[in-house]
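Read the structure below first, then the notes.
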Amino acid sequence: MRVIFKTSYLQDIRLAKHGGHVFWYTLLLVTAIAAPLLVDTYWLNEVSRFLIFALAGLGLMIVTGYTGQVSLGHAAFLAVGAYAHTYFISHEMPFVISLLLAAFTSGCVGLVVAVPASRMTGLYLAIASLAFAIIIEDMTIHWESVTGGNRGMPVPPPSLFGYEIYSAVEFYYIVLAGVFLSTILVLNLLRAPFGRAMLAIRDSEISASSLGISVARTKITAFFISACITGLAGGLMAHYVQYLSPEIFGILLSIQLLLMIVVGGLGTVHGAFFGAFLVGLLESLISISKDYLPGAIGNQPGLEPGLFGLILVLFIIFEPEGVYGRWLKLRNFFENFPFYRRNTFKRQKTYLRTDRLK
Amino acid sequence: MSETVLRVKNLETFYGPVMAIRGVTLEVGKGQIVTILGSNGAGKTTILKTISGAIEPQKGSVEFDGEAITGMEPDKIARAGIRHVPEGREVFPFLTVRENLEVGAFSEPDRKQVQHQMDRVFDFFPDLSRLYNHEAVYLSGGQQQMLAIGRALMVQPRLMLLDEPSLGLSPLLVGQIFEIIERLNRELDMAILIVEQNASMALKVAQFGYVLEVGRIVMEGAQQKLLDSKDIQEFYLGKKEESARGKRRWKQRKTWR
Amino acid sequence: MLEIAQLAIIGISQGCIYGLIAMGFVMIYKATEMVNFAQGDIMMVGTFVALTLTTMAGANFFIAFLCAILIMTVFGFLVDRVFIRKIIGQPQFSIVILTISLGFVFRSGAGMIWGQSPRTMETPFTGNFVLGSLVIGNERIAIVVGTILVSALLWTFFKYSRWGLAMQAASQNQLAAFYSAIPVKSVYSMVWGLAAAISCIAGVLLAPVTLVSTLNGFFGNQGLCRCCDWRFWVFARRFAGRVDYRFGRAFCGRLLA
Amino acid sequence: MTHLQVKNLSVNFGGLKALDDVSFSVAKNEVFSIVGPNGAGKSTIFNVISSFYKPSQGQIFFDAQDITATKPDEKAKLGITRTFQNIELFEHSSVLQNLLIGRSIHNRHPVYRQFIFDKTVRNSEIAHREAAEKVIDFLELAHYRDHLIANLPYGVRKKVELARALCAEPSLLLLDEPASGLNPEETEEVGHWIEDIRHDLGITVVMIEHDMSLVTEVSDRVLALSEGKVIAQGSAEEVQNNANVVSAYLGSA
Amino acid sequence: MNISFIAQISRFFFIASLLFSGAAWADRGVTDTEILLGSHTSLSGPASTWGVASINTARLLFDEVNEAGGIHGRKIRLVVEDHQYQVPLAVRAANKLINRDGVFAMFLSIGTPHNNAVLGRQLAAGVPNLFPITGAVSMVEPFHKFKFQALSSYNQQARASIRYFHRQRGHKRICAFYQDTDYGQEIRDAIQQEVDALGLEIVGETKHKPTETEFIGAMTSLKKANCDLIVFGTIIQDAILGYSAARELGITADIVAGQASNDQVVASAPGGGTEGLYIAGGARAFYEDTATAGQAAFIKKYKARYGEVPTVATHYAYMPTRITIEALKKAGPDLTTDKLVAAIESFSQFDDGIGTPTHSYSATDHSGSDAVFLDQIQNGRLKGVEKRIDLMP
């Protein structure tokens, strides 16, 4: 294990805990900024997509990974963000303000769910959020004056200071900036008291409230923040799909978001990014590799989702804790080499008991 | 000690990276009542769970009637003749008393035999026959404990593991339960391994005892030897010599002012 | 009056469909506390198996139906053996993702084997039952009768059979079930097998209404989701409630008109 | 001066009387112990004081203020913190994180400032850490500072839970079986800490404990409960020699 | 690091990226040996019936051409991406087809919202959208030189059938029964336009979710409206269930559905539940025993390769594929998009030989056909009722 000698409290507070962090994250940022030089338009668009999904996942991660509330309806916030943003910019609102306002709108819608949701747990909350997503889906269909209903609505290109943005590169930078800033803000929040309060509630509500944390208020605030971030992702996604229709934001998208953060590793910011990149990359690679397979296999209808599912099945069976869990194990292995003990992460058997008694 | 029913050798069990049991060796003789004393979290429950297969041991072996049962599935171990009455009276809350007992006899396909065993359980616990058709969730703590023991008696186990049978029970009930434990041992010649915080009770019925601290056995001996031990008296029986503690204040810890 | 009777029967049959799909889902949830997102897709596979047996083998419908149920029981059993058992005890989320992914695999596999176009299945439940001027599709009657039969069978199984009792016990308290010599893992596999069998029945009864296609899985899941409003979870436990709800909807359609 | 006063407290669980007309008061800077057999209602008292249960009857006063219906998190802000019988730590966080969560009531920054993490937030984070370090020092937890709770042995967890409660800088500390599961040596340490907590920090301690030797050593007064009723109250010695206590709890051994 | 430095850097990246993307455009999708076509479609998920059948047809015909030496020495390669009927995946698929594979044209892509989401980027990149599988009006309107459509639109089918029934049978009370989706909306809009044109009004309407299976309530309300004609904006399952519910309730009105419900599965619904349903479509079903020579040859080839009889869904692909092949031939050896566009625009009365209505294009009209058939389900088969009921003024 890397031992860090701490000489100042700030060392714990800083985002980068040691020189290694500073180096790697700077390298990551530089690579991200230089990406248009390094990859072609296809991959650039793909990375934009990964980033948008990562941002949406980050939003979901806050409620599900940090506060421990399961949401099966987060696509609804993508929808609210996307529609609100499109509506605003169609009505001549400046791009950045519109995006922020859309995020805020999504947050406010989130509040409507959050208040009753703060009293629910587990499966009931999941079902409630699903019902909510269905309501929002119905709203996007029936509030035609705003959403265009089933006919859908075109999304004007983003325009910054009167300059309209069409190219993949510019769009990528907008997405990158949005994701970067949101991530920094979330990281800030996580090292502040509120972030700790969320973790506290996830692990033990009883103990959190005995320490003076208002469980309901923290959950509601977390839901609000989560909805804001997902709404922001929704605003960006509107530009990604360029034409909104209610079908985009269905249950499948919600499930995909959940899938991403679980695969990435619950309860970490890394997890949202790992998940989005892994799942996204998996889709890309399957569709690319299919072109190299012999026609009899590669042209098989339904091959892609099948392979996708199969890989996830294997992944979850061998690594139920997600990519981040695997990453920690690898790191632990190298740091403790040659003293690594195989059983460090071994789980004992667990036994279920009915929760009907609760 | 004549014949050995259970032999646990050098058992080590982990919870994640934490070693909960650190090399425990113990034996239970045929028809003997043995107790494991120790404070909360010392690992007593873990030992029982490891014996009954609910937890996988890292190292060491468990032998029952001379056959290794280490790492076997818990239901196989139960079938072999070890019945575990877990801590906290884990009855099936939404099954009736009768159904609970029938579940206990799952491995017995002969209906007549089941009925016979059930009658015997009612003989030991007359209370239960009265509650025949009640769902277990509505039973009081003491009745649930009796049901849990009764369920284990539905087959004739050769070894019963009892985890904190007195937990949360009134002293009167504790007395009753221990009387029945003695009766079971005497009348059915059943070996019993009891884990108890209520050391005075446990030592009343047990012929042999082990003392467990932080996953290690620190003392073992026959009933009388343990009862005579000063440490046992002080730490597990609540008796102590006046002011022994004040004098033993071994360190002035005043680093923080 | 006539109209109301007709609506009532249609409402009840619709409720029964959801009830049947939900039954498999709830069974798995209650017995193992796992949310099975692949339930709809298992139903879809079951329907295709039945379709293949009737069309390809040209077997008598009822024999084919029975064979399909048996095949699906084995299928469900294997799903648990091969996949689910590997991650028992892992966080609930992993199971959710696992079953979602399995759904993908089943759907894709079914598409490759049976094609993506919807098919029709010839069942004996065609034509109408005419009583005066009351006309009811036979497939509706089949659904209602089928549901009642399945419910009765299940009820008897749970109430009176040893394994049924063991399933209930395992769902209420795994550890205690293990301690009572119940092979909980096999019980779980049986639960999955049974749930798959029920899904198969649901799928076949549903086939005249929904056609047979790979999308039936979606239908199953979405049907679940759609009725996943509050009422669902209140009613899933008492299956009868489901019927009330659909019943209510059929009426609403009429009253609002 | 009375710090905490419990008046005629009764609690019902579906017809079952968990507490029956319990009254007692605790003076400022006192160590007050509650003893009694399992299921006598000791933890119920704590759960009512910290508002996890609603009493069916009776009132609780804290510094002469009626706090019977105050919400759990508000109670922490008033200066009441507690530990739990079955250790309720935040398993997936480090020791330091746990202690910092203990500082929750001392955080006054609105969420948007925490997002920005400006200088004031930064400074208060430093202040929280200073406070936490003091507690770490006090309870000798320095070695475990960055360990995850899930990886800690039982005894250390107990200590961390105590430390976390201290981080809130309470005026009244409720300890639910602080010595259960600890070996005799650790139990003895707990005794010293309780004394230090009381003398050096001026905190009032109410404790539930089975270990009579610890109870005798540190408590000023002892309350004995059985089946929800008070059966004795007084000095440790008085209670230990009370016939009711001997028959219901201590046994006649 | 100062601001101007960042500005310089970003300008540098920007210019560099323009160079990169510019380079990719030059000879997009055409090499000396290959013409690359792309399709984002639904090979799984909803609409996979059409997706799979259309791609199968296209592959069959392309392979035939390729085996015969290709077109001007180039073989046609069709890259198919499965978007599972999800819009974000369609955008991803289009990104791959346009930016990675560099396809020459998009061909037979499925789904209205999916095409809408992709079109902006696709047209900007200069990739023609050939014959998407959706009858939505937005596939040709507003006019763009890269947008081509085959067969009549949903709009034309619905309007023509209403006009036919009004003129020929005097139906005045028009009702609508449609999905609450973009497709249903398309039909609903068409009905509205037509009743307005005829001076009628919609006397009853209901909409439903695509997954709904219970239509007794909906049909009860239409029964009360006492309709003469019910226009179905349905796909397959709801066409069958909706129709049989209507008949069960004793509704005697004529019922007509569009091309999307034109499938043998509908015609052969169990128990003859759909007997009497009219279908107003752009292409007509054919059967092995009554096939013309051209049709029989196609059925034979299709069956030999895929082991199935071609469905009506293959018509969605047969005509477009033929047009594309012929246009590629006609465009000559130095193939460019402009030449392809010109070649398609030059076709007049194009006949595919299997009985699809002939297609004509011009520089101002990119929808190949306005032809609408009227069929009726009789004895489990689609039988022609009227050869053409096209929307004439």
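For beta carbons closer than 7 Å, sequence separation of 6+ or different chains, a first residue in the stretch B:195-221 that is away from every other protein chain (no Cβ under 11 Å) and free of Cβ contacts under 8 Å to residues at least 40 places away in the same chain and a second that is not in a helix (DSSP H, G or I) and not small (Gly, Ala, Ser), the qualifying pairs are B:Met219/B:Val211. Selection of the stretch D:1-46 for residues being out of contact with any helix residue (DSSP H, G or I) (no Cβ under 9 Å at 6 or more places or on another chain), modelled with pLDDT of 80 or more, closer than 18 Å to D:Phe62 by Cα and not in a strand (DSSP E or B) yields D:Lys28, D:Thr44, D:Ile45, D:Phe46. Going by the conditions given, is E:Glu308 of a type outside the set (S, T, N, Q), under 25 Å from E:Ile110 (Cα atoms) and out of contact with any Asp or Glu (no Cβ under 7 Å at 6 or more places or on another chain)? Spelling it out, E:Glu308 is indeed of a type outside the set (S, T, N, Q), under 25 Å from E:Ile110 (Cα atoms) and out of contact with any Asp or Glu (no Cβ under 7 Å at 6 or more places or on another chain). If I filter the stretch D:175-185 for residues that are in contact with a Pro (Cβ under 8 Å, 6 or more places away or on another chain), in contact (Cβ under 8 Å) with a residue 24 or more places away in the chain, within 22 Å of D:Pro37 (Cβ to Cβ) and outside any helix (DSSP H, G or I), do I get at least one hit? Within the stretch D:175-185, none of the residues are in contact with a Pro (Cβ under 8 Å, 6 or more places away or on another chain), in contact (Cβ under 8 Å) with a residue 24 or more places away in the chain, within 22 Å of D:Pro37 (Cβ to Cβ) and outside any helix (DSSP H, G or I). Candidates E:Ala327, E:Ala313: the one that is of a type in the set (Gly, Ala, Ser), within 20 Å of the chain's Cα centre (by Cα) and at pLDDT 90 or above is E:Ala327. If the condition is being part of a helix (DSSP H, G or I) and more than 24 Å from E:Ser369 (Cα to Cα), then the stretch E:298-334 contributes E:Lys300, E:Lys301, E:Tyr302, E:Lys303, E:Ala304, E:Arg305, E:Tyr306. Kindly indicate whether D:Val215 is touching a strand residue (DSSP E or B) at 6+ places or on another chain (Cβ under 9 Å), within 13 Å of another protein chain (Cβ to nearest Cβ) and closer than 11 Å to D:Val35 by Cα. When the stated conditions are applied, D:Val215 passes them. Taking the stated definitions as given, is C:Val82 hydrophobic (A, V, I, L, M, F, W, C), free of Cβ contacts under 8 Å to residues at least 12 places away in the same chain and within 14 Å of chain A (Cβ to nearest Cβ)? Considered against the rule, which asks whether it is hydrophobic (A, V, I, L, M, F, W, C), free of Cβ contacts under 8 Å to residues at least 12 places away in the same chain and within 14 Å of chain A (Cβ to nearest Cβ), C:Val82 comes out as yes. Scanning the stretch E:262-280 for residues that are farther than 9 Å from E:Ile377 by Cα and within 12 Å of another protein chain (Cβ to nearest Cβ) turns up E:Asp263, E:Gln264, E:Val265, E:Ala269, E:Pro270, E:Gly271, E:Gly272, E:Gly273. The condition of being touching a strand residue (DSSP E or B) at 6+ places or on another chain (Cβ under 8 Å), assigned to a helix (DSSP H, G or I) and closer than 30 Å to B:Pro86 by Cβ holds for only one of C:Leu154, C:Leu175, that being C:Leu175. Inspection of the stretch E:284-296 finds a residue satisfying the criterion of being away from every other protein chain (no Cβ under 13 Å) and under 25 Å from E:Arg169 (Cα atoms). State whether the residues of the stretch D:241-251 include one that is crowded, with 19+ Cβ neighbours inside 10 Å, free of Cβ contacts under 8 Å to residues at least 40 places away in the same chain, out of contact with any Lys or Arg (no Cβ under 9 Å at 6 or more places or on another chain) and in a helix (DSSP H, G or I). Yes, the stretch D:241-251 contains a residue that is crowded, with 19+ Cβ neighbours inside 10 Å, free of Cβ contacts under 8 Å to residues at least 40 places away in the same chain, out of contact with any Lys or Arg (no Cβ under 9 Å at 6 or more places or on another chain) and in a helix (DSSP H, G or I). Say we look at the stretch E:330-348 and pick out the residues that are touching a helix residue (DSSP H, G or I) at 6+ places or on another chain (Cβ under 8 Å) and of a type outside the set (Ser, Thr, Tyr); which of these is farthest from E:Asn66 (Cα to Cα)? Among those residues, the one meeting the criterion is E:Phe347.
When we screen B:Val34, B:Val28, B:Val91, B:Val24 for residues that are more than 14 Å from chain D (Cβ to nearest Cβ), part of a strand (DSSP E or B) and more than 14 Å from the chain's Cα centre (by Cα), the only hit is B:Val24. Among the residues of the stretch E:143-185, the one identified as in the same structural domain as E:Leu130 (by TED's automatic domain parsing), more than 16 Å from the chain's Cα centre (by Cα) and basic (Lys, Arg) is E:Lys145. Residue count for the stretch E:105-144 under the criterion of being closer than 20 Å to E:Leu78 by Cβ, more than 12 Å from chain A (Cβ to nearest Cβ) and hydrophobic (A, V, I, L, M, F, W, C): the result is 10.
Per-residue answers, yes or no, for (1) under 27 Å from A:Asp40 (Cα atoms); (2) within 14 Å of chain D (Cβ to nearest Cβ):
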site	(1), (2)
A:Gly148	no, no
A:Tyr173	yes, no
A:Arg191	no, yes
A:Arg202	no, yes
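Of the numbered criteria (1) of a type in the set (Ser, Thr, Tyr); (2) over 23 Å from C:Pro118 (Cα atoms); (3) in contact (Cβ under 8 Å) with a residue 24 or more places away in the chain; (4) in contact with an Asp or Glu (Cβ under 9 Å, 6 or more places away or on another chain), the one C:Ser94 fails is (3). When D:Ala142, D:Ala127, D:Ala165 are checked against the criterion of being surrounded by 15 or more Cβ atoms within 10 Å (Cβ to Cβ) and either more than 9 Å from every other protein chain (Cβ to nearest Cβ) or among the small types (Gly, Ala, Ser) (or both), D:Ala165 stands alone in meeting it.
Take the stretch A:133-146 and flag every residue that is without any contact (Cβ under 8 Å) to a residue 60 or more places away in the chain and within 12 Å of chain E (Cβ to nearest Cβ). Those that are without any contact (Cβ under 8 Å) to a residue 60 or more places away in the chain and within 12 Å of chain E (Cβ to nearest Cβ): A:Asp138, A:His142, A:Glu144. The set of residues from the stretch B:119-168 being part of a helix (DSSP H, G or I), touching a residue at least 24 places away in the same chain (Cβ under 8 Å), in contact with a helix residue (DSSP H, G or I) (Cβ under 6 Å, 6 or more places away or on another chain) and farther than 21 Å from B:Ile192 by Cβ comprises just one member, B:Ala136. For E:Asp289, which of the numbered conditions (1) in contact with a helix residue (DSSP H, G or I) (Cβ under 7 Å, 6 or more places away or on another chain); (2) at pLDDT below 90 fails to hold? So the condition that E:Asp289 fails would be (1). For E:Ala283, the conditions (1) closer than 18 Å to E:Ala53 by Cα; (2) touching a Phe, Trp or Tyr at 6+ places or on another chain (Cβ under 9 Å); (3) surrounded by fewer than 24 Cβ atoms within 10 Å (Cβ to Cβ) are fulfilled apart from (3).
Just one residue in the set E:Ser109, E:Ser54 is more than 27 Å from A:Ala276 (Cβ to Cβ), among the polar types (S, T, N, Q) and assigned by TED's automatic domain parsing to the domain that holds E:His144; that residue is E:Ser54. Of the residues making up the stretch A:152-171, just one is within 10 Å of A:Gln242 (Cβ to Cβ) and among the hydrophobic types (A, V, I, L, M, F, W, C), namely A:Val155.
Of the residues making up the stretch E:186-218, those that are over 24 Å from the mean Cα position of the chain (by Cα) and within 14 Å of another protein chain (Cβ to nearest Cβ) number 10.
The values are calculated or read from the model by the stated rules, or taken from the named source; none is laboratory data. Since this is a predicted model, take the numbers as computed values, not measurements. All Cβ positions, glycine included, derive from the backbone under ideal geometry; neighbour counts span all protein chains shown.
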